[in-house]
Amino acid sequence: MNKHDEQADAAKDELLVSKAKSLFDDSVDSIDAATQSRLNRARQKALAKSRRSGLGIPMQWLPAAGLATAVALAVVMWNGAGDSAIDAEMLQPIATAQVGDFEILMNDDSLDMLQDLEFYSWVEIDEASDIESDVDANVG
Amino acid sequence: MSTAAAIFAVSCTDVRTSEAGTLQQEQELNRFLQEVEKRAVRIAAISIRDQDEALDLVQNAMIKLAQKYADRGIDEWTPLFYRILQNGVRDWHRRQAVRNRVMVFFRRESAEEDNYDAIAAAPDPAGRAPDEQLQNYEAMQTLELAIHGLPARQREAFMLRAFEGLNVADTATAMGCGEGSVKTHYSRAVHSLRERLGEHWQ
């Protein structure tokens with residue numbers, strides 16, 4: 001086969017491919033509505049599966065996201081432990097008071113005092129005022 | 001607590017950035033699939049001569065691409081998509097061969113090939129004159145039959161190169177073979193089609 005024949009052969013090949021491509025494109029443009037609708041549904045299904053499998057975080061970010069979460073959790077726990085120490089100090093008098101109240105409630109001897117709380121508070125105020133007047137007298 | 005708040009804020013920003021990236025990626029994937037789906041379904045239908053099965057194969061290829069390769073570069077999607085689709089087509093032919101053997105064994109002929117209704121499977125008109133449409137339809141039917149008669153690898157190479165317009169490298173990726181093999185299969189396919197289609201195609 002000489003060069004001229006080769007060129008003619010290549011031209012024929014090109015013509016065939018070009019005609020085939022044109023017919024194919026024509027058939028693609030003529031795809032019916034039902035097929036297009038099915039393709040659309042298939043595409044949406046594929047995208048939904050992609051969403052579900054990816055969970056919104058690209059795979060290459062997962063180790064970084066995990067590390068960030070672990071660090072954040074560690075910091076929160078560390079700070080939380082500090083706060084609980086402070087809270088314990090602040091809550092100690094309240095706890096002691098609650099234990100005191102409990103002891104008073106459980107002690108039968110003190111029940112009379114609980115019934116006359118107003119009297120005892122008056123006595124306490126009266127004693128305080130007496131002390132203040134003594135101090136004033138001594139100073140004066 | 002300020003450190004924790006800062007880390008939380010950074011995490012939120014990361015998540016927001018990641019969500020924006022994912023949304024953009026999803027939009028790109030949607031656009032890609034929209035561009036490729038019609039040609040893909042025609043290529044699959046020519047390969048297996050069954051429109052419904054072709055649609056299923058294209059759907060499976062879309063799902064696999066979206067699930068496994070969505071994070072790859074956009075320029076990689078076309079060869080990957082067609083590789084998945086071609087694998088699906090090959091599996092379909094294998095299953096069909098097994099099914100046909102079983103049918104022959106039970107003396108029941110698989111009438112699927114005989115039942116293929118070219119008129120029913122014909123695409124709808126798209127605003128062209130009826131005679132032109134008929135002419136194109138008949139020419140396409142002849143071409144489809146000729147392509148279908150090619151060996152599988154030649155058929156793949158021809159459709160990916162001529163119809164989908166893939167270059168040799170991408171066709172090689174899609175077919176899972178070397179570039180030299182693609183050139184050989186394509187060249188043989190074109191020569192074979194010229195012989196089959198006769199003088200009126202030249």
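Residues that are touching a residue at least 40 places away in the same chain (Cβ under 8 Å) and not in a helix (DSSP H, G or I) were ranked within region B:166-197; the one that is surrounded by the most Cβ atoms within 10 Å (Cβ to Cβ) is B:166. Note on region A:1-34: among residues that are out of contact with any Asp or Glu (no Cβ under 9 Å at 6 or more places or on another chain) and among the polar types (S, T, N, Q), the one that is farthest from the other protein chains (Cβ to nearest Cβ) is A:2. Of the set (1) over 19 Å from residue B:42 (Cβ atoms); (2) modelled with pLDDT of 85 or more; (3) not in a helix (DSSP H, G or I), all apply to residue B:109 but (2).
With the structure loaded, tell me whether residue B:163 is in contact (Cβ under 8 Å) with a residue 60 or more places away in the chain, among the aromatic types (Phe, Trp, Tyr) and within 9 Å of chain A (Cβ to nearest Cβ) or whether it fails that test. Considered against the rule, which asks whether it is in contact (Cβ under 8 Å) with a residue 60 or more places away in the chain, among the aromatic types (Phe, Trp, Tyr) and within 9 Å of chain A (Cβ to nearest Cβ), residue B:163 comes out as yes.
The values are calculated or read from the model by the stated rules, or taken from the named source; none is laboratory data. Not measured: the values here are computed from a predicted model. No Cβ is skipped: glycine too gets one built from the backbone with ideal geometry, and neighbour counts run over all protein chains shown.
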